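Structure record follows, encoded as structure tokens.
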Amino acid sequence: MAEISRSELDEIYDFAVQLGQDAGQMLLDAAKLRMGDGAASKEQKEHIEKENAVDLVTETDEDVEAYIKSQITSRYPSHKFIGEESYSKGSSRDYLIDDEPTWCIDPLDGTVNYIHLFPMFCVSIGFIHKSKAIIGVINAPFLNQSFSACSGRGAWLNGTQKLPLIRNPIPPMPENAPKGCVFSCEWGKDRRDVPDGNMHRKIESFVNMAAEIGGRHGRGGMVHGVRSLGSATLDLAYVAMGAFDIWWEGGCWEWDVAAGIAILQEAGGLVTTANPPTNHTNAPIEDVRLGSRLYLAIRPAGPSSTETGRKSQERTVREVWRRVRNLDYSRPGA
């Protein structure tokens, strides 16, 4: 596979940023129609009255993905395309990321939020080359926030504020992390009420991270706060921003994380696996494989007087691993 030149990459990046703006506007326009704020035609009003919120959101989801796909295939016909809607309708659940230039799209992340008009929803556009996410665009139109990054060009909020937002200097991870950290997590879709299932393992992990120091048989993390946005994509964007220190999750698909990982890594964050290895005190900490469905993200961190930023991130990873349970999110059919 041929290399992509800097000028080609810059062109793809500019295209992706504009595409994110256009797709985000489509989400916002559809939301305004449901709110009664849009300039709807008589036919549109009748359609909105007839359909329920879930059906309308599904329709919007599909329309936005179709628009994004048409723009990409017109501009870059040789590139692969992976979208949540098209993938979910197929029979294959094979691992789809390879060395080919690939667009990985979630037209609407935070679907439940969008149904309820809770503002934490977004369009997510990731560009992958040689199995690595190198461009990410996340547009949250209700919040008027656009996150973007391109390998070698930094990570940005609304194109003007470099990420992370606190930069003079970028703070190291807290000495006693996870104490002092904001911990981000999601309940996920696996709600089976079975002993030792994913939901029960997550709840145990959440309580471990939140409990007082010395509690939970020494696993209490006393995190500063626990947040759940309902959007894995925005969780990653807020870790890149530095608003969240830690994000731990299982069950995400490639389109949920591709853009966010590109932005977080370009901002200086670390993304590894959610599941603690057997020897979590000494095991090497490696970048996560895109598509593994298991993710642990740590915000960008600067050096302290005793350790580098990377060492403080890795120390935090090991402290999280010490408190969380292994999750079981294999790919269907795998």
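The values are calculated or read from the model by the stated rules, or taken from the named source; none is laboratory data. Remember, predicted model here, so these are calculated numbers, not experimental data. All Cβ positions, even for glycine, are placed from backbone atoms using ideal geometry, and neighbour counts span all protein chains on display.
Would you mention how many residues in the range 179-228 are in contact with a Pro (Cβ under 7 Å, 6 or more places away or on another chain) and either among the aliphatic types (A, V, I, L, M) or part of a helix (DSSP H, G or I) (or both)?
Filtering the range 179-228 down to residues in contact with a Pro (Cβ under 7 Å, 6 or more places away or on another chain) leaves 180-181, 209, 221, 223.
Right, trim to either among the aliphatic types (A, V, I, L, M) or part of a helix (DSSP H, G or I) (or both) and you get 209, 223.
Qualifying residue count for the region: 2.
This table checks each residue for (1) buried (at least 21 other Cβ atoms within 10 Å of the Cβ); (2) of a type in the set (Lys, Arg).
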| position | (1), (2) |
| --- | --- |
| Arg219 | no, yes |
| Ala240 | yes, no |
| Ile261 | yes, no |
| Asn279 | no, no |
| Asp287 | no, no |
| Leu296 | yes, no |
| Ser312 | yes, no |
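If I filter the range 187-205 for residues that are basic (Lys, Arg) and either closer than 20 Å to Thr272 by Cα or surrounded by 17 or more Cβ atoms within 10 Å (Cβ to Cβ) (or both), do I get at least one hit? Full working, then the answer.
Of the residues in the range 187-205, the ones basic (Lys, Arg) are 189, 191-192, 201-202.
Filter once more, so that each one left must be either closer than 20 Å to Thr272 by Cα or surrounded by 17 or more Cβ atoms within 10 Å (Cβ to Cβ) (or both): 201-202.
So far as the range 187-205 goes, yes, one or more of its residues are basic (Lys, Arg) and either closer than 20 Å to Thr272 by Cα or surrounded by 17 or more Cβ atoms within 10 Å (Cβ to Cβ) (or both).
Just one of Thr306, Thr316 is at pLDDT 95 or above and assigned to a helix (DSSP H, G or I); which is it?
Numbers: Thr306 fails: assigned to a helix (DSSP H, G or I).
One residue alone meets the criteria, Thr316.
What residue, among those in the range 284-303 that are assigned to a loop (DSSP other than H, G, I, E, B), free of Cβ contacts under 8 Å to residues at least 60 places away in the same chain and of a type in the set (A, V, I, L, M, F, W, C), is farthest from Leu264 (Cα to Cα)?
Only one residue fits best here, namely Ile285.
Only one of Asn113, Asn144, Asn168 is surrounded by fewer than 24 Cβ atoms within 10 Å (Cβ to Cβ) and farther than 28 Å from Met26 by Cβ. Can you tell me which? Break it down into steps so the answer makes sense when it comes.
On the way: Asn113 fails: farther than 28 Å from Met26 by Cβ; Asn144 fails: farther than 28 Å from Met26 by Cβ.
On inspection, the qualifying residue turns out to be Asn168.
Is it the case that some residue within the range 239-252 is more than 25 Å from Leu143 (Cβ to Cβ) and within 13 Å of the chain's Cα centre (by Cα)?
The initial filter retains those residues of the range 239-252 that are more than 25 Å from Leu143 (Cβ to Cβ), namely 250.
Imposing the further condition that a residue be within 13 Å of the chain's Cα centre (by Cα) reduces the set to 250.
Checked the range 239-252: at least one residue is more than 25 Å from Leu143 (Cβ to Cβ) and within 13 Å of the chain's Cα centre (by Cα).
Residue-wise test of (1) of a type in the set (Asp, Glu); (2) modelled with pLDDT under 90; (3) within 25 Å of the chain's Cα centre (by Cα); (4) under 20 Å from Ala258 (Cα atoms).
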| site | (1), (2), (3), (4) |
| --- | --- |
| Asp29 | yes, no, yes, no |
| Gly36 | no, yes, no, no |
| Asn52 | no, yes, no, no |
| Ser88 | no, yes, yes, yes |
| Asp94 | yes, yes, yes, yes |
| Pro101 | no, no, yes, yes |
| Leu108 | no, no, yes, yes |
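Quick one: which of Asn168, Asn176 is under 20 Å from Arg310 (Cβ atoms), assigned to a loop (DSSP other than H, G, I, E, B) and at pLDDT below 95? First the steps, then the outcome.
Details: Asn176 fails: at pLDDT below 95.
None of the other options fit; the residue is Asn168.
Is there a residue being in contact with a helix residue (DSSP H, G or I) (Cβ under 7 Å, 6 or more places away or on another chain), assigned to a helix (DSSP H, G or I) and not polar (S, T, N, Q) anywhere in the range 266-279?
yes
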